[in-house]
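Just below is one structure, and these are the notes that go with it.
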Amino acid sequence: MLSPFEIRPFEPGDETAFRELNEAWIARHFVVEEKDWEVLNDPVGQILRQGGALLMAVKDGVVVGTCALLAMKDGGFEVAKMTVAEQCRGLGIGKKLLAHVIEHARASGAERLYLETNRELANAIHVYESLGFRHLPPERVIPSPYARANVYMELML
């Protein structure tokens, strides 16, 4: 039987888990970019103090997943820095984490969620699509600060 996990807001002391989990997946598939380091090294200043949110998936007392909501100028949020520890993938944690993030954004009054990803991350794209995200047409894509971004999606809330 799988041990349960919970999803909770970011707490002081979660900074290291947030950075290490995200650094691991980004470095595995891509290159950790300057913009990544800004957020990974200061999630409180770069996410929370800017009006965003950060949710953590915790299993057996250990943070095994993260997902951030970055406040956008239009009142919506960008879904970012979403990952689940390698050893915990395939357990449904990512989908449950994203569902919580969507509900958090909806409860905060946001009308839109936006995200950028890479076509190589087919499993992640499938999870986004399964929860209602749709691909943006090229004419609606805003240039990304991330070289790896080549898939752009949104969810109207």
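What percent of all Cα-Cα pairs in the chain falls in each 5 Å bin, counting up from 0?
2, 9, 19, 23, 23, 16, 5, 1, 0, 0
Loop only per DSSP, at most 11 neighbouring Cβ atoms within 10 Å: give me the trypsin sites (Lys or Arg not before Pro) in the stretch 1-89, ordered by residue number.
Answer in residue order: LYS73.
Can you compute the modelled spin-label distance between ALA27 and ALA99, with each label point 7 Å from Cα toward Cβ, in nm?
Going from the ALA27 label point to the ALA99 one covers 3.3 nm.
How far apart, in nm, are the 7 Å Cα→Cβ label points at ALA107 and GLU34?
Inter-label distance under the simple model: 3.8 nm.
Can you tell me the length gained on complete extension of the stretch ARG8 to ARG119, counting 0.36 nm per residue apart and subtracting the Cα distance?
37.1 nm
Distance in nm between label sites at GLU20 and MET72, each 7 Å beyond Cα in the beta-carbon direction?
3.3 nm
Read-outs: derived from the displayed coordinates by stated rules, not from any lab. Please read all numbers here as calculations on a predicted model, not as lab measurements. All Cβ positions, glycine included, derive from the backbone under ideal geometry; neighbour counts span all protein chains shown.
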